[in-house]
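The values are calculated or read from the model by the stated rules, or taken from the named source; none is laboratory data. Keep in mind the model is a prediction, meaning the values are calculated, not measured. Positions of Cβ are generated from backbone atoms using ideal geometry, with glycine treated the same way; all protein chains shown enter the neighbour counts. Areas reflect the complete protein model, heavy atoms only, side chains present, ligands, DNA and RNA absent. Shrake-Rupley method; radii C 1.70, N 1.55, O 1.52, S 1.80 Å.
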Amino acid sequence: MSTRATWIYLLIALSLAGLYFFERHQEAGKKAERASFRTFFKINKEKLQYLTIKKGTVRIVVQREGKDEQDHWIITSPIRTDADLIAITKFIDKLATLKWTRKISEQPKDLSIFGLMKPLVVIGYKGKEESGELLIGDVTPLGDDVYVKRKQDQTVYTIAFADKFDLDVDLFDLRDKRLVTIAPNHVKKLVIDGERGRWVLTKKEDKWFFHNNHTFEASRDKVYAILSRLATTKASRIVEESAKDLRAYGLDRPRMKVQVSDGNRIQGILLGAPDKEDEGDLYAKMLHKPQVITVKRWILSEVPLNADGFKK
(Lines give C-alpha, C1' and ligand atoms only; values in the text may rest on other atoms or scores of the structure.)
Protein backbone atom coordinates (compact mmCIF):
# COMPACT_ATOMS: atom_id res chain seq x y z
CA MET A 1 0.00 0.00 0.00
CA SER A 2 1.36 3.43 -0.98
CA THR A 3 2.02 6.20 1.48
CA ARG A 4 -0.71 8.28 -0.20
CA ALA A 5 -3.29 5.52 0.32
CA THR A 6 -2.21 5.09 3.93
CA TRP A 7 -2.79 8.80 4.63
CA ILE A 8 -6.18 8.68 2.94
CA TYR A 9 -7.31 5.73 5.10
CA LEU A 10 -5.92 7.44 8.19
CA LEU A 11 -7.86 10.62 7.43
CA ILE A 12 -11.03 8.60 6.86
CA ALA A 13 -10.51 6.77 10.17
CA LEU A 14 -9.95 10.04 12.02
CA SER A 15 -13.05 11.55 10.39
CA LEU A 16 -15.16 8.56 11.40
CA ALA A 17 -13.79 8.68 14.94
CA GLY A 18 -14.53 12.39 15.13
CA LEU A 19 -18.05 11.82 13.86
CA TYR A 20 -18.57 9.03 16.41
CA PHE A 21 -17.48 11.13 19.36
CA PHE A 22 -19.49 14.11 18.06
CA GLU A 23 -22.62 11.97 17.89
CA ARG A 24 -21.92 10.55 21.35
CA HIS A 25 -21.56 14.09 22.68
CA GLN A 26 -24.79 15.15 20.97
CA GLU A 27 -26.63 12.10 22.35
CA ALA A 28 -25.32 12.80 25.85
CA GLY A 29 -26.57 16.36 25.54
CA LYS A 30 -29.98 15.15 24.36
CA LYS A 31 -30.20 12.68 27.26
CA ALA A 32 -29.35 15.44 29.72
CA GLU A 33 -31.96 17.67 28.09
CA ARG A 34 -34.57 14.89 28.25
CA ALA A 35 -33.71 14.23 31.89
CA SER A 36 -34.04 17.93 32.69
CA PHE A 37 -37.38 18.03 30.87
CA ARG A 38 -38.65 15.21 33.08
CA THR A 39 -37.77 17.06 36.31
CA PHE A 40 -40.86 18.25 38.15
CA PHE A 41 -39.55 21.37 39.87
CA LYS A 42 -36.77 23.90 39.46
CA ILE A 43 -35.81 24.41 43.09
CA ASN A 44 -33.11 26.76 44.29
CA LYS A 45 -32.07 24.72 47.31
CA GLU A 46 -30.01 27.54 48.80
CA LYS A 47 -33.06 29.86 48.91
CA LEU A 48 -35.62 27.31 50.06
CA GLN A 49 -37.46 28.54 53.17
CA TYR A 50 -40.38 26.21 53.93
CA LEU A 51 -41.42 22.60 53.47
CA THR A 52 -44.86 21.15 54.15
CA ILE A 53 -45.87 17.50 54.17
CA LYS A 54 -49.55 16.66 54.59
CA LYS A 55 -50.64 13.08 55.28
CA GLY A 56 -54.27 12.65 56.21
CA THR A 57 -55.05 15.10 59.00
CA VAL A 58 -51.39 15.61 59.94
CA ARG A 59 -49.54 18.56 58.42
CA ILE A 60 -45.80 18.87 59.04
CA VAL A 61 -44.24 22.29 58.58
CA VAL A 62 -40.46 22.71 58.46
CA GLN A 63 -38.88 26.16 58.39
CA ARG A 64 -35.32 27.26 57.69
CA GLU A 65 -33.66 29.55 60.21
CA GLY A 66 -30.26 31.18 60.22
CA LYS A 67 -27.95 32.16 57.42
CA ASP A 68 -27.31 30.09 54.30
CA GLU A 69 -23.87 29.06 55.47
CA GLN A 70 -25.27 27.84 58.80
CA ASP A 71 -28.45 26.00 57.91
CA HIS A 72 -30.76 25.27 60.81
CA TRP A 73 -34.16 23.73 60.18
CA ILE A 74 -36.98 23.81 62.73
CA ILE A 75 -40.17 21.76 62.73
CA THR A 76 -42.92 24.21 63.68
CA SER A 77 -45.98 21.97 63.31
CA PRO A 78 -47.56 19.76 64.61
CA ILE A 79 -45.00 20.37 67.38
CA ARG A 80 -42.00 22.68 67.63
CA THR A 81 -38.71 20.81 67.70
CA ASP A 82 -35.33 20.70 65.98
CA ALA A 83 -35.18 18.98 62.61
CA ASP A 84 -32.58 16.46 61.48
CA LEU A 85 -30.38 18.38 59.01
CA ILE A 86 -29.24 15.21 57.23
CA ALA A 87 -32.82 13.97 56.78
CA ILE A 88 -34.01 17.39 55.59
CA THR A 89 -31.13 17.73 53.11
CA LYS A 90 -31.81 14.25 51.73
CA PHE A 91 -35.52 15.07 51.35
CA ILE A 92 -34.84 18.37 49.54
CA ASP A 93 -32.33 16.71 47.20
CA LYS A 94 -34.89 14.06 46.29
CA LEU A 95 -37.64 16.62 45.64
CA ALA A 96 -35.34 18.88 43.60
CA THR A 97 -34.21 16.03 41.32
CA LEU A 98 -37.51 14.12 41.15
CA LYS A 99 -38.31 12.94 37.60
CA TRP A 100 -41.45 11.41 36.14
CA THR A 101 -41.28 8.03 34.47
CA ARG A 102 -44.44 8.22 32.34
CA LYS A 103 -46.98 10.85 31.29
CA ILE A 104 -50.39 9.26 31.80
CA SER A 105 -52.95 11.89 30.88
CA GLU A 106 -52.88 15.63 30.17
CA GLN A 107 -56.61 16.20 30.74
CA PRO A 108 -57.93 13.41 32.99
CA LYS A 109 -61.69 13.42 33.46
CA ASP A 110 -61.56 11.73 36.85
CA LEU A 111 -58.60 12.17 39.19
CA SER A 112 -60.09 9.74 41.70
CA ILE A 113 -59.07 6.71 39.60
CA PHE A 114 -55.45 7.73 40.25
CA GLY A 115 -55.99 8.41 43.95
CA LEU A 116 -55.39 12.13 43.36
CA MET A 117 -58.75 13.55 44.46
CA LYS A 118 -57.72 12.69 48.02
CA PRO A 119 -53.94 12.22 47.69
CA LEU A 120 -52.09 10.12 50.23
CA VAL A 121 -49.33 12.70 50.54
CA VAL A 122 -49.13 16.38 49.55
CA ILE A 123 -45.66 17.94 49.54
CA GLY A 124 -45.18 21.68 49.28
CA TYR A 125 -42.16 23.94 49.18
CA LYS A 126 -41.61 27.68 49.17
CA GLY A 127 -38.51 29.71 48.46
CA LYS A 128 -37.88 33.42 48.21
CA GLU A 129 -39.12 33.50 44.61
CA GLU A 130 -40.70 30.10 43.99
CA SER A 131 -43.18 27.58 45.32
CA GLY A 132 -44.83 24.35 44.27
CA GLU A 133 -46.85 21.35 45.41
CA LEU A 134 -46.74 17.67 44.52
CA LEU A 135 -49.73 15.38 45.02
CA ILE A 136 -48.96 11.68 45.48
CA GLY A 137 -51.74 9.18 44.76
CA ASP A 138 -52.17 5.44 44.34
CA VAL A 139 -49.73 2.79 43.21
CA THR A 140 -50.06 1.72 39.58
CA PRO A 141 -51.61 -1.74 38.85
CA LEU A 142 -48.18 -3.35 38.43
CA GLY A 143 -46.95 -1.80 41.68
CA ASP A 144 -43.70 -0.40 40.32
CA ASP A 145 -44.81 3.23 39.94
CA VAL A 146 -47.04 5.76 41.71
CA TYR A 147 -49.45 8.31 40.23
CA VAL A 148 -48.59 11.97 40.91
CA LYS A 149 -49.42 15.46 39.66
CA ARG A 150 -48.38 19.01 40.32
CA LYS A 151 -51.07 21.12 41.91
CA GLN A 152 -50.63 23.86 39.31
CA ASP A 153 -51.43 21.67 36.28
CA GLN A 154 -53.78 18.82 35.35
CA THR A 155 -51.32 16.36 33.84
CA VAL A 156 -50.99 13.02 35.65
CA TYR A 157 -47.58 11.38 35.70
CA THR A 158 -45.97 8.42 37.40
CA ILE A 159 -42.83 8.32 39.49
CA ALA A 160 -40.82 5.30 40.63
CA PHE A 161 -42.12 3.64 43.79
CA ALA A 162 -38.66 4.02 45.33
CA ASP A 163 -38.91 7.81 44.91
CA LYS A 164 -42.33 7.81 46.57
CA PHE A 165 -40.87 5.79 49.45
CA ASP A 166 -38.16 8.45 50.00
CA LEU A 167 -40.70 11.29 49.96
CA ASP A 168 -43.33 9.60 52.14
CA VAL A 169 -41.77 10.70 55.46
CA ASP A 170 -43.35 11.41 58.82
CA LEU A 171 -42.58 13.55 61.85
CA PHE A 172 -40.29 10.98 63.42
CA ASP A 173 -38.22 10.69 60.23
CA LEU A 174 -37.57 14.44 60.08
CA ARG A 175 -37.04 15.37 63.72
CA ASP A 176 -33.66 15.53 65.41
CA LYS A 177 -33.32 12.34 67.45
CA ARG A 178 -29.78 12.85 68.76
CA LEU A 179 -29.26 12.37 72.49
CA VAL A 180 -26.35 14.81 72.74
CA THR A 181 -25.38 17.53 70.29
CA ILE A 182 -22.04 18.48 71.88
CA ALA A 183 -19.28 16.98 69.74
CA PRO A 184 -17.00 14.51 71.61
CA ASN A 185 -13.88 16.61 71.02
CA HIS A 186 -15.61 19.64 72.61
CA VAL A 187 -16.56 17.85 75.84
CA LYS A 188 -14.57 19.03 78.86
CA LYS A 189 -16.40 17.17 81.61
CA LEU A 190 -18.08 13.76 81.84
CA VAL A 191 -20.21 12.74 84.83
CA ILE A 192 -21.62 9.22 85.24
CA ASP A 193 -24.01 8.41 88.10
CA GLY A 194 -24.88 4.75 88.33
CA GLU A 195 -25.59 1.84 90.61
CA ARG A 196 -21.86 1.48 91.27
CA GLY A 197 -21.19 5.08 92.21
CA ARG A 198 -20.49 8.52 90.81
CA TRP A 199 -17.56 9.19 88.48
CA VAL A 200 -16.52 12.68 87.47
CA LEU A 201 -13.87 13.03 84.77
CA THR A 202 -12.42 16.32 83.58
CA LYS A 203 -10.28 17.09 80.55
CA LYS A 204 -6.98 18.91 80.89
CA GLU A 205 -5.36 19.65 77.56
CA ASP A 206 -5.78 16.28 75.82
CA LYS A 207 -5.83 14.09 78.94
CA TRP A 208 -8.66 12.91 81.18
CA PHE A 209 -8.46 12.70 84.99
CA PHE A 210 -10.80 11.77 87.81
CA HIS A 211 -11.98 14.94 89.52
CA ASN A 212 -11.08 13.74 93.02
CA ASN A 213 -7.80 12.10 92.00
CA HIS A 214 -5.62 14.14 89.64
CA THR A 215 -2.99 11.42 89.61
CA PHE A 216 -5.43 8.88 88.11
CA GLU A 217 -5.31 9.43 84.37
CA ALA A 218 -8.17 7.78 82.51
CA SER A 219 -7.84 6.14 79.11
CA ARG A 220 -8.60 8.70 76.44
CA ASP A 221 -9.88 5.95 74.13
CA LYS A 222 -12.31 4.63 76.75
CA VAL A 223 -13.66 8.10 77.53
CA TYR A 224 -14.10 8.91 73.84
CA ALA A 225 -15.83 5.56 73.26
CA ILE A 226 -18.52 6.67 75.72
CA LEU A 227 -18.73 10.19 74.26
CA SER A 228 -18.96 8.83 70.70
CA ARG A 229 -21.69 6.40 71.69
CA LEU A 230 -23.69 9.28 73.19
CA ALA A 231 -23.13 11.49 70.14
CA THR A 232 -24.07 8.88 67.54
CA THR A 233 -26.95 7.08 69.26
CA LYS A 234 -30.42 8.33 68.37
CA ALA A 235 -33.81 7.81 69.95
CA SER A 236 -35.45 4.70 68.54
CA ARG A 237 -38.95 5.81 69.58
CA ILE A 238 -40.73 8.85 71.05
CA VAL A 239 -42.90 7.57 73.89
CA GLU A 240 -44.26 10.86 75.24
CA GLU A 241 -43.63 14.43 74.15
CA SER A 242 -43.80 15.67 77.74
CA ALA A 243 -44.14 13.06 80.48
CA LYS A 244 -45.76 14.11 83.74
CA ASP A 245 -44.91 10.92 85.63
CA LEU A 246 -41.41 9.53 85.17
CA ARG A 247 -42.06 6.66 87.58
CA ALA A 248 -43.88 4.70 84.88
CA TYR A 249 -40.60 4.48 82.97
CA GLY A 250 -38.20 3.93 85.87
CA LEU A 251 -36.81 7.42 85.31
CA ASP A 252 -37.58 8.81 88.75
CA ARG A 253 -34.73 6.62 90.00
CA PRO A 254 -32.72 6.01 86.82
CA ARG A 255 -30.27 3.14 86.58
CA MET A 256 -27.77 5.60 85.13
CA LYS A 257 -27.39 9.32 84.52
CA VAL A 258 -24.75 10.56 82.09
CA GLN A 259 -23.87 14.25 81.71
CA VAL A 260 -21.45 16.03 79.41
CA SER A 261 -20.38 19.66 79.36
CA ASP A 262 -18.35 21.83 77.01
CA GLY A 263 -18.02 24.60 79.61
CA ASN A 264 -21.12 26.44 78.42
CA ARG A 265 -23.76 23.78 77.90
CA ILE A 266 -24.74 20.75 79.95
CA GLN A 267 -26.45 17.87 78.18
CA GLY A 268 -27.08 14.29 79.12
CA ILE A 269 -29.48 11.43 79.48
CA LEU A 270 -31.34 9.43 82.10
CA LEU A 271 -31.63 5.68 81.50
CA GLY A 272 -34.54 3.84 83.06
CA ALA A 273 -36.49 0.57 82.86
CA PRO A 274 -36.62 -1.79 79.87
CA ASP A 275 -39.05 -0.80 77.13
CA LYS A 276 -42.28 -2.78 77.42
CA GLU A 277 -42.56 -3.02 73.63
CA ASP A 278 -38.95 -3.96 72.89
CA GLU A 279 -36.72 -5.66 75.46
CA GLY A 280 -33.65 -4.52 73.54
CA ASP A 281 -34.46 -0.89 74.38
CA LEU A 282 -34.51 1.19 77.55
CA TYR A 283 -36.73 4.08 78.47
CA ALA A 284 -34.73 7.28 78.56
CA LYS A 285 -35.02 11.04 78.87
CA MET A 286 -32.66 13.75 77.70
CA LEU A 287 -31.81 16.30 80.40
CA HIS A 288 -32.32 19.24 78.05
CA LYS A 289 -35.57 18.06 76.42
CA PRO A 290 -39.00 17.06 77.79
CA GLN A 291 -39.61 13.89 75.74
CA VAL A 292 -39.50 10.36 77.08
CA ILE A 293 -37.82 8.21 74.45
CA THR A 294 -36.36 4.75 74.04
CA VAL A 295 -32.75 3.96 73.19
CA LYS A 296 -30.91 0.76 72.40
CA ARG A 297 -29.71 -1.06 75.50
CA TRP A 298 -26.18 -1.32 74.07
CA ILE A 299 -25.69 2.38 74.77
CA LEU A 300 -24.35 1.14 78.13
CA SER A 301 -21.83 -1.25 76.62
CA GLU A 302 -18.93 1.22 76.63
CA VAL A 303 -19.36 2.21 80.29
CA PRO A 304 -16.87 0.33 82.54
CA LEU A 305 -18.11 -1.70 85.49
CA ASN A 306 -15.97 0.30 87.92
CA ALA A 307 -13.51 3.18 88.06
CA ASP A 308 -10.57 0.88 87.39
CA GLY A 309 -12.11 0.10 84.02
CA PHE A 310 -11.09 3.58 82.87
CA LYS A 311 -7.38 2.87 83.38
CA LYS A 312 -5.09 3.19 80.39
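In square nanometres and to one decimal, what's the mean projected area of the convex hull around the Cα atoms of the stretch 171-312?
Values: hull surface 34.5 nm².
Dividing the Cα hull surface by four gives the mean projection, 8.6 nm².
If one takes the longest principal axis of the Cα atoms in the chain, at what angle in degrees, from 0 to 90 and to the nearest 10, does the Cα axis of helix 3-37 lie?
Value to nearest ten degrees: 60.
Per residue of the stretch 259-265, what does 6.51 cos²θ - 1.76 cosθ + 1.60 with θ = phi - 60° give for ³J(HN,Hα)? Whole Hz please, x for Gly and Pro, Karplus curve as stated.
10, 10, 9, 9, x, 10, 10
Of the options ALA218, HIS288, VAL303, report the single residue whose Cα projects farthest towards the positive end of the charge dipole of the stretch 175-312 (beta-carbon charges: Lys, Arg +1; Asp, Glu -1).
ALA218
Could I get the Rg over Rh figure for the stretch 83-124? Both from C-alpha atoms, Rh via Kirkwood, rounded to two places. Before the final figure, lay out the partial values.
Values: Rg = 14.2 Å, Rh = 12.9 Å.
So for the stretch 83-124, dividing Rg by the Kirkwood Rh gives 1.11.
Report the semi-axes of the equivalent ellipsoid for the stretch 167-238 in whole Å, largest first, where each axis is √(5λ) for an eigenvalue λ of the Cα gyration tensor. Don't skip to the end; give the middle numbers.
Details: eigenvalues 199, 37, 14 Å².
Each semi-axis is √(5λ); the values are 32, 14, 8 Å.
Net charge around LEU120, counting only other residues with Cβ within less than 11 Å of its Cβ (Lys, Arg = +1; Asp, Glu = -1)?
Local charge sum for LEU120: +2.
Take the stretch 91-174, drop everything but the C-alpha atoms, weight them equally and run the Debye formula without solvent; then report log10 I(q)/I(0) at 0.12, 0.25 Å⁻¹ to two decimals.
Cα-only, vacuum Debye calculation for the stretch 91-174: -0.33, -1.37.
Of LYS42/LYS151; LYS222/LYS257; LYS90/LYS118; LYS54/LYS94; LYS164/LYS289, which pairs sit farther than 21 Å apart, going by alpha carbon to alpha carbon? Walk me through the numbers before you get to the answer.
Details: LYS42/LYS151 15 Å; LYS222/LYS257 18 Å; LYS90/LYS118 26 Å; LYS54/LYS94 17 Å; LYS164/LYS289 32 Å.
Too far apart for the 21 Å limit: LYS90/LYS118; LYS164/LYS289.
If ASP308, ASP110 are ordered by their accessible area, calculated over protein heavy atoms with a 1.4 Å probe, which sequence runs from highest to lowest?
Values: ASP308 90, ASP110 70 Å².
Putting ASP308, ASP110 in descending order of accessible area: ASP308, ASP110.
Based on Cα positions only, what radius of gyration and what Dmax would you give for the chain, in angstroms?
Rg then Dmax for the chain, in Å: 28.3, 99.
Let me have the relative contact order for the chain, percent, based on Cα pairs under 8 Å that are six or more residues apart. Let's see the in-between values first.
Details: 543 pairs, mean separation 37.0, N = 312.
Relative CO of the chain lands at 12 percent.
Mean shadow of the stretch 259-312, computed from the convex hull of its alpha carbons, in nm²? Show your work: numbers first, answer last.
Working: hull surface 19.9 nm².
Taking the Cα atoms of the stretch 259-312, their convex hull projects to 5.0 nm² on average.
With a probe of 1.4 Å, find how much accessible area the chain has per residue, and write the answer as a whole number in Å². Write out the running numbers ahead of the final one.
Working: 18530 Å² over 312 residues.
I get 59 Å² per residue for the chain.
If you line up the long axis of helix 220-232 against the longest principal axis of the chain, both from Cα atoms, how many degrees apart are they, to the nearest 10?
60
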